[in-house]
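Trainee: Below is one structure. I have some questions about it.
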Amino acid sequence: MSEPVQVYTACQFVYGCKSYYYISDDDSIQVGDFVIVPAGKDNHEAVVEVVKKEYFAEENVPLPMGKTKHIIRKCTEDDFDLPDDGAI
């Protein structure tokens, strides 16, 4: 029987240089994808870029699973639409 595997992604905020680990429940998320994650103490939604994707057996995860936040979802085109105020 194979061991359960956890997918950890290192994600980087747009204006940051440090990356943070998030657990991905969606294995289709790849390096270069933009995703929505809970950020900060208030868990507000933020857009981050996936910069690394790693697979770990549960006993080898880099951070405790109970303390690592999960990716909410992949970004869609709507997440990048800026309001059109008609200014030229």
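The values are calculated or read from the model by the stated rules, or taken from the named source; none is laboratory data. Because the structure is predicted, anything quoted here is derived from the model rather than measured. Using ideal geometry, Cβ is built from the backbone for each residue, glycine included, and neighbour counts are taken over all protein chains shown.
Trainee: Those residues that are hydrophobic (A, V, I, L, M, F, W, C) and surrounded by fewer than 14 Cβ atoms within 10 Å (Cβ to Cβ), I need them from the range 6-50; list them, please. Working first, answer last.
Mentor: Within the range 6-50, the subset hydrophobic (A, V, I, L, M, F, W, C) is 7, 10-11, 13-14, 17, 23, 29, 31, 34-37, 39, 46-48, 50.
Matches in the range 6-50: Val14, Cys17, Val31.
Trainee: Hey, could you check the range 6-17 for residues that are out of contact with any Ser or Thr (no Cβ under 8 Å at 6 or more places or on another chain) and modelled with pLDDT of 90 or more and say which is farthest from Ile36 (Cα to Cα)? First the steps, then the outcome.
Mentor: Residues of the range 6-17 that are out of contact with any Ser or Thr (no Cβ under 8 Å at 6 or more places or on another chain), as a first pass: 6, 13-17.
From the residues that got through so far, the ones that are modelled with pLDDT of 90 or more too are 6, 13.
Working: Gln6: 19, Phe13: 10 Å.
The qualifying residue farthest from Ile36 (Cα to Cα) is Gln6.
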